[in-house]
Amino acid sequence: MTAFNPQDDFRSWGNVLKAQHQVARPVWRDQLRATALGGRQQGLTLLGTGLRRSYGDSGLNPGGGIIDMTGVDRILHFDPAQRLVRAEAGLSFDTLLQVIVRQGFFLPVTPGTRYVTLGGAVGNDVHGKNHHRNGTIGRWVRRLGLLRSNGEELELSPSENPELFAATIGGLGLTGLITWVEMELIAIESAMIDAESISFENLDAFFTLSKESEEQFDYTVSWIDCLAKGASIGRGLFSRGNHAKVGSRLSDQGNTRFTMPLNLPSLAMNRYSISAFNALYYWNGKRKAGEARVPLHSFFYPLDSIGRWNRLYGRKGMFQYQSVVPPSVQRDATKEMLEAISASGQGSFLAVLKTFGAEKSPGLLSFPTEGTTLALDFPNHGSETLRLMARLDAIVREAGGRLYPAKDGRMSAQMFQAGYPAWQEFAKYVDSGFSSHLWQRVSQI
Ligand SMILES: Cc1cc2nc3c(=O)[nH]c(=O)nc-3n(C[C@H](O)[C@H](O)[C@H](O)COP(=O)(O)OP(=O)(O)OC[C@H]3O[C@@H](n4cnc5c(N)ncnc54)[C@H](O)[C@@H]3O)c2cc1C
C-alpha cells in the first residue's frame, strides 16, 4: 500500500481553488488495490488524478484522498500491426509520442497539450482539432482496467460491461480508478503537418471556412479576437492541416522552451493588456497567414512551449469557460456570447472556436455534441468575472448547449443537469467510494 500524506496546496490548472488533500503516489500497478482499500479504511473518499491539466474542480477532492497516477506509467504492450498500444493509466501523451511517432504512429485524438495522461484523457473523453473526423478519444479505446473502491478489478470494453464502460469514458474519475488503457493509434508517414493559416473578418466567414475546410482537412481550429466589436465580431485566424506525406519520422521531443518561474502580478492581466494583445495577435497573424510544413508539436501544442504558462495569470488564477451549442443556433448564440464578452471588457488571450462533427461521443457524460464550441480563459477578477460567466451560462442554456466539466470550477447543479440529461443514469454507476468537488456541487438535487 502507498500511504496518503497531507498536501496543503493541491490545485488544478486554473489555480482558483486551493485545498488540503490526502495524496497517495503509487508507482506500481500492484500497489493500487491496497492503496485504494487503505484509503477507504481511513475514511477517505477517493479520486484518481493524472497531470492535473483540468482547469477547475473535477480533479479535486478537498478533505478526501487523491491517488496520483503519474508514477504508474509503463507501456505494457505495443502491436504495430494492429496499431494498438496498451499502457498504464498514468502514462503521459508526451512520453507516448516520443515512442510512437518515430515508428510511424500518432494519437487518434489529442487535446491542445501533450501533458495529459491516458487515464485523465479517458476521464474527460477529450477531443481535439479533428473532432469532425475522429470524434473523441473514447471512440478509440478498445479496453481498460477499472479498480473499484471495494477492491474489485474489472475489465471494460464496448462489449464487456458496456454500461460501466460508457459511464467511465468521460466519467470524471467517478466510476473508479482507471489502471490501464488499450487504445488504437493512427498511422502517419512523417512527423510533419502541412498547415495553413487564414485570417477571417467575422463570424460568418468563420462558419464558411469551417464548412469548406472540414471536407479537406483532418484538423481545423480557430483563434478569435474576443474583444473585437461591431462588424468585426468573431474575427480571427483559422488554422487547418493534414499529416504530411513526406518528411522526417524522427521522434517527437516536445517543445517546452521556457518555464514560468513565478506567478505574474495579477495587474499584468487587465482589459488594456488583453485588448492590445488580441488586436496585435490578429494583425500579426493576418500578415503572416499562409501555408507551411511544420513539426507536430508546434501545430498541436503551441502552448506547451511555455512550461507552467498558467502562472501568467498570477496568484488569483483564471477560469476557463468552454461551451458547445447546437448547429441550429450556433451562429446566433456564439455571436451573443461574443457580444457579451466584448461589452464586459473582460477578454481572454486564448479564445478558441471550433465546430464539432456529428460523430456521437461514447461516454454517458462526454462533453462533445454536434455544434460549435467556444473556449476562453478569463483572468479571475472575482465577482465581475463570475457575473460575466453567469450571463454566458444563460445564453448557452437558452441555446440548449452545455459546458465542459474539465474546464469548469463553478457551474451550478441546474446548469449541469440541464446540459447533461443522462446524469442520473450516470449516477447509477458512480462508485460510492469515489468523489470530487465538482460532483458534490453538480449532483445536488
Ligand atoms: C493547454 C491545455 C489545452 C487543452 N486542450 C484541450 C482540448 O483541446 N480538448 C480537451 O478535451 N481538453 C483540453 N484540455 C483539458 C485536458 O485535456 C483535460 O483536462 C485532460 O483530461 C487532462 O488530463 P490529466 O492527465 O491532466 O487529467 P487530470 O486533470 O488530472 O484528471 C482529469 C479527470 O480524469 C480523472 N482521472 C485522471 N486519472 C484517472 C485515473 N487513472 N482513473 C480514473 N480517473 C482519472 C480525474 O479525476 C479528473 O476527473 C486542455 C488543457 C490544457 C491545460
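Along its first, second and third principal axes, ordered by size, segment 73-188 spans 41, 29, 26 Å in Cα coordinates. Within segment 55-111, the trypsin sites (Lys or Arg not before Pro) that combine a DSSP coil assignment with at most 16 other C-beta atoms in a 10 angstrom radius are Arg74. Distance between the C-alpha centres of segment 409-431 and segment 53-92: 23 Å, rounded to the whole angstrom.
Annotation: the residues Tyr404, Tyr282, sorted from fewest to most other C-beta atoms within 10 Å of their own C-beta, follow the order Tyr282, Tyr404.
Give me the base-10 log of I(q)/I(0) for the chain at each q in 0.13, 0.14 Å⁻¹, Debye formula, one uniform scatterer per Cα, rounded to two decimals. Scattering profile of the chain, log10 relative to I(0): -1.22, -1.43.
Please report the spacing between the Cα centers of segment 367-381 and segment 274-331 in Å, no decimals. Segment 367-381 and segment 274-331 have Cα centres spaced 12 Å from each other.
What is the antiparallel percent of DSSP beta bridges lying wholly in the chain, to the nearest 5?
Numbers: 65 of 75 bridges.
Just about 85 percent of them are antiparallel.
Counting only DSSP beta bridges whose two residues both lie in segment 1-160, roughly 65 percent are antiparallel.
If each Cα of segment 192-411 is one equal point scatterer, what is log10 of I(q)/I(0) from the Debye formula at q = 0.10, 0.13 Å⁻¹? Scattering profile of segment 192-411, log10 relative to I(0): -0.47, -0.81. Counting only aspartates and glutamates at least 8 places from Lys18 when in the same chain, those with an alpha carbon closer than 15 Å to its own are Asp8, Asp9, Asp57, Asp408. Among Thr168, Thr110, the ranking by other beta carbons within 10 Å of each residue's beta carbon, starting with the fewest, stands as Thr110, Thr168.
Can you give me the span-like helices of the chain, meaning DSSP H runs with 18 Å or more of Cα extent along the axis and Kyte-Doolittle mean at or above -1.0? Intermediate results must be reported in sequence, preceding the final value.
On the way: long enough: 203-216 (20 Å, -0.62); 271-288 (25 Å, -0.88); 330-344 (21 Å, -0.61); 383-398 (22 Å, 0.01).
Those that clear 18 Å and a mean of -1.0 are 203-216, 271-288, 330-344, 383-398.
Taking 20 Å as the straight-line reach from the Cα of Lys360, the lysines in range (excluding those fewer than 8 positions away in the same chain) are Lys129, Lys211.
Select from segment 382-443 those trypsin sites (Lys or Arg not before Pro) which occupy a DSSP coil region and have at most 16 other Cβ atoms within 10 Å, ordered by residue number. Mind dumping the intermediate values first?
Working: sites: Arg387, Arg391, Arg397, Arg402, Lys407, Arg410, Lys428, Arg441; in loops: Arg410, Lys428.
Those that pass, being in a loop and sparsely packed, are Lys428.
Across every pair of non-identical alpha carbons in segment 31-86, the mean reciprocal distance, once inverted, gives a Kirkwood radius of 13.4 Å.
Suppose we look only past 23 Å in the calculated P(r) of segment 336-445. What percent of the Cα-Cα pairs does that tail hold? More than 23 Å apart: 32 percent of the Cα pairs in segment 336-445. In the chain, the DSSP-assigned H stretches of four residues or longer account for a calculated mean residue ellipticity at 222 nm of -8000 deg cm²/dmol, using -39500 (n - 2.57) per stretch and the full residue count as denominator.
Every number here is computed from the coordinates shown, using simple stated rules; none is lab data. Here the structure is a predicted model, which means the values were calculated and not measured. Cβ atoms come from the backbone with ideal geometry, glycine included; neighbour counts cover every protein chain shown.
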